[in-house]
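The block underneath contains the structure these notes are about, expressed in structure tokens.
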Amino acid sequence: MSTRVGLAVPQVTADGSPSAAELAAFARRAEEAGFDGLWVCELTSAPILDPLNLLAYAAAGTTRVRLGVAVLLTPLRVPYQLAGELATIDRLSEGRLDVGVGLGGGTGIYPRYGVPAERRLRRYLDGLELLRRLWTEERVTFRNEWWQLDDVPAVVRPVQWPHPPLWFGARRGRALRRAAELGDAWIGSGSTPPTEFLEALTTVRDHLDALGRERAAFTIGKRMYIHVTDDPGSARERARSWFAANYGNADLADRVALVGEPEHCVTELRGLRRAGVDMFLLNPMFEERDQLELLAADVVPQLG
């Protein structure tokens, strides 16, 4: 099976947002260069462009490349509204949407949205059930402590049936089993060090086997923060500044950022591919347009 390679769309606004024209050009060029997907994220630790609005914008300027978000913090959203928003993007893109879902790495964000942090898992699971039902049933009745739907007509239907693929973001423990049980795919976060990710990958595969699910029908992805350069020393310092600004932890760059010449990057990615990664989400931290060209020319063709 050939390796699928997605590319992260610039979203961070701390140093000035890319213009609309620049974002449109970036999406078109990524598609022309042969990337399989364009991906956005929902980040709560830094100001970024809204992921769903950005995907809808990318859909208008592309025709082939898939469009993904990894991951939406779905417990913070209203399922009835979210189902319609996601189905609309799937229709605008003619069935190219991938939807990553997750709880997030911490609980501090939840009070901002009026959501009790201690009930986030129940809200997460109920919300996913309701999303699926809204996409597949003609009328929906659903009642819990947050949402009351009494014989409600279905929202707009997505192109993909029964719904866009659901990619579960999960790092450890029971979340990995939920990914194997409920998801169409699992994606490891960019902030997960390789050793920890590989341990989690083994766990996900064990859960798939225990559940009787075919490994080949379940996609495994990994976000990789990356910078291709012939001057890795200065790039690593920039990566530390980037992680300090976006994760509040400069040292994390030393553990997870892939920085170096093309040969080094290809070797590291090939190792993960041999371990079972089907899709890489390559996430340049800066100089995104230049990195698009370097990755397309010197890295992606070597991954097979």
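Where a number appears in this text, it was derived from the coordinates with a stated rule and is not lab data. If you're wondering where the values come from, they're calculated on a predicted model, not measured in any experiment. Note that each Cβ is placed from the backbone with ideal geometry, even for glycine, and that neighbours are counted across all protein chains shown.
Using the charge dipole of the stretch 4-225 (Lys, Arg: +1 at Cβ; Asp, Glu: -1 at Cβ; taken about the Cα centre), state which of 19, 105, 65 has its Cα farthest towards the positive end. My answer, from the dipole projection, is 105.
Our estimate of slack between residue 132 and residue 144, defined as 0.36 nm per intervening residue step minus the Cα-Cα distance, is 2.7 nm. Dividing the convex hull volume of the alpha carbon atoms of the chain by its residue count gives 129 Å³ per residue.
Under the convention that each Lys and Arg Cβ holds +1 and each Asp and Glu Cβ holds -1, the size of the dipole of the stretch 32-98 around its Cα centre is about 80 debye.
Summing Lys and Arg as +1 and Asp and Glu as -1 over all other residues whose Cβ lies under 10 Å from the Cβ of residue 280 gives a net charge of +2.
In percent, what relative contact order does the chain have, based on Cα pairs under 8 Å that are 6 or more apart in sequence? Here the relative contact order equals 17 percent. When each of 256, 9 is scored by the number of other beta-carbon atoms lying within 10 Å, the sequence from fewest to most is 256, 9. Relative to the Cα centre, the charge distribution of the chain, modelled as +1 at Lys and Arg Cβ and -1 at Asp and Glu Cβ, gives a dipole magnitude of about 900 debye. What the phi angles of the stretch 247-256 give under the Karplus curve with 6.51, -1.76 and 1.60, with θ = phi - 60°, is a coupling list of 10, x, 8, 5, 5, 4, 4, 5, 9, 10 Hz, glycine and proline written as x. The length gained on full extension between residue 174 and residue 230, counted as 0.36 nm times the residue separation minus their Cα-Cα distance, comes to 16.0 nm.
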